[in-house]
Ligand code: HEC
């Protein structure tokens, strides 16, 4: 009888926690996939740790950052003068067609138009922005 009660009590607390757990696992899988895409498509030009050498600007804390605002990086005028903030929507447009979105940028064209892949990379960029 007591054991039944204990089991019931455990289930009652564990069950509501399950969706939260699934949510965390889902985010982690997306972030891990995003890291792999980032390594394949972006890493050769973008360090994440600002102490590493990098041809492009470091991207830690990029989500929510004003475009062209990484201290000491020699941006194109197109980027510094754009006046945009790197929201998820702006980052999506950038990944899809950066030089169409912002003519005059010195970042070589990338064309990631698969929304799922964009989602993964966005998850990863968000994870290095916290
Ligand atoms: C061939 C090198 C190269 C690759 C590959 C590359 N980038 Fe860039 N990236 C740059 C350069 C150079 C700049 C600076 C552009 C400028 O000043 O116009 C830049 C700028 C950026 C910025 C603006 C940052 C800021 O501080 O305003 C973002 C965001 C960005 N890149 C994301 C990405 C993502 C995401 C990928 C992969 C999908 C990627 N880049 C791939 C070279 C690259």
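The values are calculated or read from the model by the stated rules, or taken from the named source; none is laboratory data. The shown structure was predicted, so the numbers you read here are calculated from the model rather than taken from an experiment. Cβ sites come from the backbone with ideal geometry, for glycine too, and all protein chains shown count toward neighbours.
Odds and ends about this structure:
- Number of residues in the range 96-130 that are in a helix (DSSP H, G or I), within 16 Å of residue 56 (Cβ to Cβ) and within 11 Å of the chain's Cα centre (by Cα) equals 3.
- Boolean, residue 103 is within 18 Å of residue 125 (Cα to Cα), more than 10 Å from the ligand (Cβ to nearest atom) and in contact with a helix residue (DSSP H, G or I) (Cβ under 7 Å, 6 or more places away or on another chain): no
- Count of residues meeting criterion [more than 15 Å from the chain's Cα centre (by Cα) and under 18 Å from residue 90 (Cβ atoms)] in the range 38-56: 1
- Among (1) at pLDDT 95 or above; (2) near the ligand (Cβ under 8 Å from one of its atoms); (3) surrounded by fewer than 16 Cβ atoms within 10 Å (Cβ to Cβ), the one test that residue 55 misses: (1)
- Residue in the range 85-98 that is surrounded by 12 or more Cβ atoms within 10 Å (Cβ to Cβ) and in contact with a strand residue (DSSP E or B) (Cβ under 9 Å, 6 or more places away or on another chain) present: yes
- Of everything in the range 74-95 that is assigned to a loop (DSSP other than H, G, I, E, B) and near the ligand (Cβ under 7 Å from one of its atoms), the residue that is nearest to residue 55 (Cα to Cα) is 75.
- Sole residue being more than 22 Å from residue 99 (Cβ to Cβ), loosely packed, with under 15 Cβ neighbours inside 10 Å and in contact (Cβ under 8 Å) with a residue 12 or more places away in the chain, chosen from 27, 77: 27
- Filter result for residue 47 (within 14 Å of the ligand (Cβ to nearest atom), at negative phi, surrounded by 16 or more Cβ atoms within 10 Å (Cβ to Cβ) and modelled with pLDDT under 90): yes
- Long-range neighbours under 7 Å by Cβ, at least six apart or interchain, first residue closer than 16 Å to residue 107 by Cα and in contact (Cβ under 8 Å) with a residue 40 or more places away in the chain within the range 41-70, second within 8 Å of the ligand (Cβ to nearest atom) and outside any loop (DSSP other than H, G, I, E, B): 59/125; 62/125
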